[in-house]
Amino acid sequence: MADLAERVLQYLSDKSPDGVDSEVVATSFGIEHQKIVGAIKSIECFGDVINTKQQTSKRWDLSKEGEDVASNGSYEARIYHAVPAADGIPHKELMKLPNAKIGFSKAIAAKWIKLDKTTEGGPTVYRNIASIDDTVQTALLKIKQSKDVELSNAQVTEYKKRKLITEVKVNTYLITKGSEFTTSLTKQETELTAEMIATGSWKTKTFKPYNFDALGVAPTSGHLHPLLKVRTQFRQIFIEMGFTEMPTNNFIESSFWNFDALFQPQQHPARDAHDTFFIADPKDATDFPMDYLKRVKDVHSNGGYGSQGYKYDWKIEEAQKNLLRTHTTAVSARMLYKLAQQEKFSPKKYFSIDRVFRNETLDATHLAEFHQVEGLVADYNLTLGDLMGVISEFFKKLGMEKLRFKPAYNPYTEPSMEIFGYHEGLKKWVEIGNSGVFRPEMLLPMGLPEDVTVIAWGLSLERPTMIKYGISNIRELIGPKVNLQMVHDNPLCRIEK
C-alpha cells in the first residue's frame with residue numbers, strides 16, 4: 001500500500017496542478033478504483049500532503065442483455081442477416097430464431113426488411129435494402145469501451161426500455177496537492193518516547209497531531225439484566241430501612257425446612273409432585289437438629305403451644321425428601337432457628353431476594369422458576385398494625401402509597417393478608433404481595449421467647465420488572481427467548497419515589 005501511495009503522489013506531481021480524478025488514476029494504473037481510494041486514505045494519515053474532494057457522477061453500464069448485443073449485434077440486425085439476399089425466407093422459419101419477435105418488429109420499423117403475404121406457401125420476408133448500419137451495437141460497444149459516452153435522450157429511452165443499459169452512480173475523488181505535498185512519505189510518530197528526548201532525535205521527526213475531539217472507543221463490558229437492575233433498587237430500599245440480607249445460596253432444601261418447619265402439614269397439596277420439583281439424587285437429607293425436629297413432629301401430630309396440631313402420624317421420611325425450594329421462607333425458617341439459639345434474643349430485620357422453583361404450567365405470566373422478595377421483622381410484642389405500617393413504608397419507597405389489605409390464609413401465618421396496590425396505569429387495584437404474622441406453632445418449637453413476634457411479607461421480582469420495562473410476556477424476560485439487545489438497551493431502574 002505504501003508503494004501504491006507514492007505512485008499516486010508521483011502521478012499527481014507529474015500532472016496538472018488542478019488535480020486528478022481517482023478513477024483516471026485507477027484506469028492509468030490498470031487496477032481497481034477501490035485500491036486507489038485505499039491509497040488516498042493512507043496518504044491522508046500523513047497530514048496535509050494532499051487535498052481530496054468527493055465527486056459523484058453517473059454513467060451507463062451494459063446489462064447482461066446489453067453485453068450480448070454489443071458482442072453479437074442487435075436483434076434486428078440478426079434478423080436482417082438471417083434473410084437471404086436473393087430469395088428471402090418464410091416468415092415462420094424466421095420467427096424460430098431467438099428474440100425474433102422484437103428483432104422482426106425493429107427491423108420492419110427501420111425498413112430493413114419487408115413482408116410479402118401474397119407468396120405461395122405463406123408469408124415471406126425479403127431484404128428491403130442492400131446493407132445496414134447497426135447503430136445499437138455501435139453505441140453499446142462505445143459504452144463498453146469508454147465510460148464517458150454521451151447518449152441522446154431518445155437513445156437512453158430506447159435502450160433502457162429494452163433493458164440494454166443501466167445507470168450507475170460513481171463516487172470518485174478529486175486529488176490536489178496539499179500544503180505539505182511530497183512524493184516521499186515518512187511515517188509520522190504517534191508518541192514521544194524517553195529515548196527520543198535523550199538522543200534529541202525528536203527534533204527531526206514528524207509527529208502525528210492529536211485529535212482532542214475524539215470520543216475514544218467504549219470499553220467492552222457486560223450489561224445488567226433488567227431483573228438485576230430492579231433487584232438492586234429493592235435491595236437498596238431494604239438496606240435503607242435497616243434490614244440485613246439473608247444467605248440464600250442453597251437452591252436445594254429438605255422438605256423439613258421448606259414445609260415442616262413452617263407448620264405446613266405433610267398432606268398439603270403444595271407438597272405434591274404436581275406443584276414441587278423433588279430431587280432424585282440425593283433423594284433424602286439426613287442432617288437435622290434432632291431435638292428441634294422432635295418438637296416439630298410433636299406440634300404437627302399432637303399440638304402444643306396452645307395449638308391442637310393437625311392430628312396425623314408425622315413421618316420423618318416425608319421431611320427428609322430433597323426438593324428445589326418453593327419459597328425463600330425456607331431460608332427465613334433457618335435464620336429464625338439460628339436466632340433462637342442465641343443466649344439472649346436480640347431483635348432482627350431480615351430480607352432476601354433470590355430464585356425459587358415451582359412446577360407451574362408455563363404461560364405469559366408464569367414460569368417454573370422465578371424470584372421471590374421477602375422481608376421479616378422479629379421483635380417483642382409486634383402487632384398486625386406494625387406489619388401494615390412496615391409494609392406501607394416499604395411500598396411507599398417503591399412509589400406506591402395506595403394500599404389495601406385483604407384477609408387470607410397461609411399455613412404458617414395467622415393472621416394473613418394479601419396486599420393490593422392501586423395501579424395508576426391500569427386504573428384498578430392489583431395484588432402485589434402476601435403477608436402475615438408467623439404462627440406460634442412455627443416459632444415456639446424453634447426456641448424463640450413467647451413474647452417475640454415475627455411479621456413477614458413477600459412479592460415476586462418479575463411482575464414489577466415487567467411493569468417497569470413494559471414487558472408483556474415473562475418468557476421474554478427469563479429463559480432462551482430473551483433478546484440480548486433488550487438487555488443491552490434498557491436503561492437503569494429508577495424507582496419513582
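The values are calculated or read from the model by the stated rules, or taken from the named source; none is laboratory data. Quantities reported herein were computed from a predicted structural model and do not represent experimental measurements. All Cβ positions, glycine included, derive from the backbone under ideal geometry; neighbour counts span all protein chains shown. The protein model used for the area step is the full one, side chains on, heavy atoms only, and it has no ligands, DNA or RNA in it. Shrake-Rupley method; radii C 1.70, N 1.55, O 1.52, S 1.80 Å.
Remarks
- Number of positions in segment 361-385 that are in a loop (DSSP other than H, G, I, E, B), open to solvent by 60 Å² or more (accessible area, probe 1.4 Å) and at pLDDT below 75: 3
- Filter pass, S346 being open to solvent by less than 70 Å² (accessible area, probe 1.4 Å), at pLDDT 90 or above, touching a helix residue (DSSP H, G or I) at 6+ places or on another chain (Cβ under 6 Å) and among the small types (G, A, S): no
- Every pair of residues 6+ apart whose Cβ atoms lie under 7 Å, when the first sits in segment 123-135 and is open to solvent by 70 Å² or more (accessible area, probe 1.4 Å) while the second is in a loop (DSSP other than H, G, I, E, B): N128/K111; N128/W112
- Unique residue being in contact (Cβ under 8 Å) with a residue 40 or more places away in the chain and more than 23 Å from T166 (Cα to Cα) when the list is A85, A109: A85
- Of all the listed residues (I43, I79, I50), the sole one being of a type in the set (A, V, I, L, M) and within 42 Å of the chain's Cα centre (by Cα) is I43.
- Just so you know, in segment 89-122 the residues that are assigned to a loop (DSSP other than H, G, I, E, B) and touching a helix residue (DSSP H, G or I) at 6+ places or on another chain (Cβ under 9 Å) include one that is surrounded by the most Cβ atoms within 10 Å (Cβ to Cβ), and it is W112.
- Of the set (1) assigned to a loop (DSSP other than H, G, I, E, B); (2) touching a strand residue (DSSP E or B) at 6+ places or on another chain (Cβ under 8 Å), all apply to Y312 but (2).
- Restricting segment 184-229 to residues that are of a type in the set (V, I, T) and over 32 Å from the mean Cα position of the chain (by Cα), the residue that is nearest to I467 (Cα to Cα): T190
- Within segment 154-183, considering residues that are under 48 Å from the mean Cα position of the chain (by Cα) and polar (S, T, N, Q), the one nearest to E23 (Cα to Cα): T172
- Residue in segment 406-428 that is farthest from L339 (Cα to Cα), counting only those that are open to solvent by less than 20 Å² (accessible area, probe 1.4 Å), part of a strand (DSSP E or B) and touching a helix residue (DSSP H, G or I) at 6+ places or on another chain (Cβ under 9 Å): G421
- Residue selected from segment 429-478 under the condition at pLDDT 80 or above, over 14 Å from Q372 (Cβ atoms) and of a type in the set (F, W, Y), by the criterion surrounded by the fewest Cβ atoms within 10 Å (Cβ to Cβ): W429
- Selected residue (only one of K187, K203 is within 30 Å of K15 (Cα to Cα) and either out of contact with any Phe, Trp or Tyr (no Cβ under 9 Å at 6 or more places or on another chain) or not β-branched (V, I, T) (or both)): K187
- A count restricted to segment 261-274 and to residues that are surrounded by 12 or more Cβ atoms within 10 Å (Cβ to Cβ) and in contact with an Asp or Glu (Cβ under 8 Å, 6 or more places away or on another chain) stands at 3.
- Every test in (1) touching a residue at least 24 places away in the same chain (Cβ under 8 Å); (2) closer than 21 Å to N171 by Cα; (3) of a type in the set (D, E, K, R) is passed by E32 save one, and that test is (1).
- Tally of residues being part of a strand (DSSP E or B), more than 30 Å from N153 (Cα to Cα) and of a type in the set (S, T, Y) across segment 18-62: 1
- Tally, over segment 168-191, of residues that are open to solvent by 100 Å² or more (accessible area, probe 1.4 Å) and either in a loop (DSSP other than H, G, I, E, B) or among the small types (G, A, S) (or both): 3
For (1) outside any loop (DSSP other than H, G, I, E, B); (2) surrounded by 13 or more Cβ atoms within 10 Å (Cβ to Cβ), each residue gets a yes or a no:
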residue: D287; (1), (2): no, no
residue: D291; (1), (2): yes, no
residue: H327; (1), (2): no, yes
residue: M335; (1), (2): yes, yes
residue: I353; (1), (2): yes, yes
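- Residue match in segment 226-239 (condition: part of a loop (DSSP other than H, G, I, E, B) and surrounded by 14 or more Cβ atoms within 10 Å (Cβ to Cβ)): no
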